[in-house]
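Novice: There's a structure below that I have some questions on.
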Amino acid sequence: MTADESIIVVKGSALQALQKNDGRCIEELISALDKIPLPKRLQNEPFLMPIASRVSITGRGTVVVGTVEQGKVKKGDKVEIKGEGQCIHSVVSDIQVFKKSVLEVCAGDHCGILCRGVKANTVKRGMWLGAIDAVVISNFFKVELYLLSEEEGGRCLAVHSGFTEKIFCSTWDQAGRLHLESDMLMPGEHCTANLILVNKMPVRQSLPFTIREGSKKTIARGIIREVFAPINLDSFKDIKDKGLEKFIEQQQ
């Protein structure tokens, strides 16, 4: 059986079902939904949760909200929040799912986690909550990149090595600078490149990202293939003035 032959197609009318003329299509649709395999949850990996938002609870700490990406966490566990060059240690005081307190959450659960003693102004969207030493932060990566063609909604012009634009990855977005293997990448082409951020952000290998022009138009998609040791960078001008290779040599 080919992939196309395994696809279930349900024909029917939602209006007729509501009017009680023929509801068989809805029953067929529910039956088809029940056959969708559940995604594999990485429950045996160290706990990680990208932070989507946060809320301050006076006198108790800060609730960070997100979807658990991997692992498990329970009340009383020690955790750390990393991103934007920061590392904040805390303890899980409470966990809520749909406004109900629970003892534990695992991969795939959307929840709010109360972090004891953490000030709300130190936590930002895009930081990650994780078990101790589980969150890796860096600002220097090797990536695979595909530049969308104009027909795919991308650019009509090429990008050159040193191209700087907004990178969207997980729940964070940062300005990033691309150093291509060649001097130029044409729309519709694929390449390997080095990606550099000013701030050190939480990442992992095989994490997908997009590049948007003006923060709205997606012009490229990529995957992080290798995470290098972070570099100390005040601005992209530091690299522009010295060149990437010389700048990295001075860091070592």
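Novice: Give the residue, chosen from Ala52, Ala32, that is surrounded by fewer than 14 Cβ atoms within 10 Å (Cβ to Cβ) and either of a type outside the set (Val, Ile, Thr) or not assigned by the TED database to the domain that holds Ile113 (or both).
Specialist: Ala32
This table checks each residue for (1) surrounded by fewer than 16 Cβ atoms within 10 Å (Cβ to Cβ); (2) touching a Cys at 6+ places or on another chain (Cβ under 7 Å); (3) at pLDDT below 90; (4) among the small types (Gly, Ala, Ser).
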residue: Trp172; (1), (2), (3), (4): no, no, no, no
residue: Phe209; (1), (2), (3), (4): no, yes, no, no
residue: Phe228; (1), (2), (3), (4): yes, no, no, no
residue: Ser235; (1), (2), (3), (4): yes, no, yes, yes
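Novice: Also, quick follow-up: Name the residues in the range 139-159 that are more than 16 Å from Gly188 (Cβ to Cβ) and surrounded by fewer than 19 Cβ atoms within 10 Å (Cβ to Cβ), would you?
Specialist: Lys142
Novice: Quick one: which of Ile137, Ile167 is touching a Cys at 6+ places or on another chain (Cβ under 9 Å) and either free of Cβ contacts under 8 Å to residues at least 12 places away in the same chain or under 22 Å from Glu69 (Cβ atoms) (or both)?
Specialist: Ile137
Novice: Across the range 103-126, what is the number of residues that are within 17 Å of Gly71 (Cα to Cα) and of a type outside the set (Asp, Glu)?
Specialist: Going through the range 103-126 one residue at a time, the tally reaches 9.
The values are calculated or read from the model by the stated rules, or taken from the named source; none is laboratory data. Remember, it's a predicted structure, so these values are computed and weren't measured experimentally. When we count neighbours, we look across all protein chains shown, and the Cβ atoms used for this are built from the backbone with ideal geometry, even at glycine.
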